[in-house]
Each structure stands twice: as structure tokens, then as C-alpha cells.
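Heads up, the thing below is written out as C-alpha cells.
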Amino acid sequence: MLDRFAAGDLVAFEALFREYQGPVYGWIMRIVRDRGAAEDLTVETFWRAWNARARFDPTRSFGAWLRRIASNLALNHLKRRGAAGFSLPDGGMNATAPQNPAIEGETRAAIARAFGELPPKLQAAATLALIEEQPYSEIAAGLGISVNGVKSRVFRAVRILRKKLEWIRTD
Amino acid sequence: MDTNRLKQLRADTDLKRDLWPDMRRRLDARTVRVPLLDWALAAAVVAWAVIFPESLLALLYHL
């Protein structure tokens, strides 16, 4: 399948698209937290993959390759978007997570603002690690940096977040 | 900063619709689009044919 994709087979590309669109969308959504943007960036990711198919090595992981492309696009999106665009699920926290009524209104807005004001690279690492609880190894692979690089970014992000959110009572 | 609070703020990462139609439109749009260089080349050939009409026969001969 990957050989056929690399050779420009559109049928193989469609099969790969259908297999990987969900995971790619999920990864981007975890970073940009905007459904419309995540859909657009998912298509853009595959578009770039298709255009770069001749450079893809079929012996390597297709999913990892897509994730790297997706991460770059998501980071660029964060740079363009600025601080105001960071959103938290509106009352609709993840269905698998218990809803905490304490996180509402001002607190939610403050958290969103604090994350949104982080530099994009720190924001992505912090969101993936602290909110989405992705393993450091996966974050590292997705962002194309070392695990220590991820830890460093999260550490720096937490330091900034603590300063901005220290007024929130932590029970 | 309470990490338990942050955990509950996860995004909904389930894809709600198939994005292949969007991808297909993008692929089709590229298929139809003619690169600027091709237009420039076609214009140059037409201009050449207008200025040197006798060269058309030579061009046709070589095609």
C-alpha cells in the first residue's frame, strides 16, 4: 500500500486517508482545539503528504510522518492565531472525563487565556502533556524533538502558567 | 495549578465527518489548474507563430 502511495496511486492514497484521517485530526485537535481549523489542517496535512509522496520512504512509519507534518501545520496555525484563539471545551468536556462544575466562568477563561498566551511551541507541548496527557515519548515523536526537549518545554510552560494562574485556589 | 482540573479540559478529538470529499475536491482542483509557466509557454509559442508564421511549418514538421 505504501509503495503504491509513493508511486502516486490515488486509490492507495484514499485508503490511507480513510485509515489515518481520524488519528491525524485527533492529534491536530489536541493542539489547536478548534474543530474547523483541525479539519482544514487535516486535509492540508494529507495534501502536503500527497505532494511529497515521492520523498516518502515506504519502510518508515506513515503515521509518524503524517504526525510530523500535522504538528508543523498546527504550530504554524498557533502562531497565526495568537492568544485569543485558545478555547476550552464549552461545557462539553471530554465525555469520558467527569465534569467538574468548579471549572467555570472566570477560571476557565483564565486558563484558556494563560495557555493561549504561551509561545506556540510551549503551548503545544503543555497542552499535549498537561491537558491531553499524551505520553512524553509520543509528544516528542510528534513534535520532532527529544523527550528531554518536551520536558524542558513543559517545565517552562508550567513556570509561566503558575505565575499567571496562582490566584486560582488549588484545594 | 491543579492538574486534575486540567485533565478535565480535554478536547473532543473524535472526527465527526469523513474528510475525503474535501480532499478529493482539493485534488481535482489541482488537476484542472494549469500552471502559470504553461500559460507563459503557450503565449510565447503563439507570439512566435504570429511574428514568424513561416516557422509554423518547421514546427509542425518536428512534432
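The values are calculated or read from the model by the stated rules, or taken from the named source; none is laboratory data. Remember, it's a predicted structure, so these values are computed and weren't measured experimentally. Using ideal geometry, Cβ is built from the backbone for each residue, glycine included, and neighbour counts are taken over all protein chains shown.
Residues in region A:124-162 that are within 25 Å of A:E106 (Cα to Cα), in a helix (DSSP H, G or I) and either at the interface with another protein chain (Cβ under 10 Å from one of its Cβ atoms) or touching a Phe, Trp or Tyr at 6+ places or on another chain (Cβ under 6 Å) (or both): how many?
Count: 8.
Being more than 41 Å from the chain's Cα centre (by Cα) and facing chain A (nearest Cβ under 7 Å) is the filter; apply it to region B:1-19 and report the residue that is modelled with the lowest pLDDT.
B:M1
What about A:S71, is it part of a helix (DSSP H, G or I), assigned by TED's automatic domain parsing to the domain that holds A:R30, surrounded by 12 or more Cβ atoms within 10 Å (Cβ to Cβ) and modelled with pLDDT of 90 or more?
For A:S71, the condition - part of a helix (DSSP H, G or I), assigned by TED's automatic domain parsing to the domain that holds A:R30, surrounded by 12 or more Cβ atoms within 10 Å (Cβ to Cβ) and modelled with pLDDT of 90 or more - is met.
With the checklist (1) modelled with pLDDT of 80 or more; (2) surrounded by 13 or more Cβ atoms within 10 Å (Cβ to Cβ); (3) within 25 Å of A:V43 (Cβ to Cβ) in hand, flag the one item A:R80 doesn't pass.
Tallying (1) modelled with pLDDT of 80 or more; (2) surrounded by 13 or more Cβ atoms within 10 Å (Cβ to Cβ); (3) within 25 Å of A:V43 (Cβ to Cβ), A:R80 fails exactly one: (2).
Can you find, within region A:4-23, the residue that is farthest from A:L128 (Cα to Cα) among those that are facing another protein chain (nearest Cβ under 9 Å) and hydrophobic (A, V, I, L, M, F, W, C)?
A:L10
When the residues of region A:31-49 are filtered to those that are facing chain B (nearest Cβ under 7 Å) and over 12 Å from A:R67 (Cα atoms), which remaining residue is surrounded by the fewest Cβ atoms within 10 Å (Cβ to Cβ)?
First, pick out the residues of region A:31-49 that are facing chain B (nearest Cβ under 7 Å): A:33, A:39, A:42-43, A:46-47.
Filter once more, keeping what is over 12 Å from A:R67 (Cα atoms): A:33, A:39, A:43, A:47.
On the way: A:R33: 28, A:E39: 19, A:V43: 21, A:W47: 17.
Result: A:W47.
For region A:20-34, what are the residues that are free of Cβ contacts under 8 Å to residues at least 60 places away in the same chain and within 22 Å of A:E117 (Cβ to Cβ)?
A:I28, A:M29, A:V32, A:D34
Return only the number of the condition from (1) closer than 23 Å to B:R30 by Cα; (2) at pLDDT 90 or above that A:A7 does not satisfy.
Unmet for A:A7, out of (1) closer than 23 Å to B:R30 by Cα; (2) at pLDDT 90 or above: (2).
Among the residues of region A:90-123, write down those that are modelled with pLDDT of 65 or more and in a loop (DSSP other than H, G, I, E, B).
Matches in region A:90-123: A:E104, A:E117, A:L118, A:P119.
Scan region A:124-171 residue by residue and report those that are farther than 23 Å from A:K79 by Cβ, under 16 Å from the mean Cα position of the chain (by Cα) and polar (S, T, N, Q).
If the condition is that a residue be farther than 23 Å from A:K79 by Cβ, under 16 Å from the mean Cα position of the chain (by Cα) and polar (S, T, N, Q), then A:S137 is the only one that fits.
Applying the selection to region A:113-123, what residues are within 19 Å of A:R80 (Cβ to Cβ) and either under 12 Å from the mean Cα position of the chain (by Cα) or small (G, A, S) (or both)?
Within region A:113-123, A:G116, A:P120, A:K121, A:L122, A:Q123 meet the criteria.
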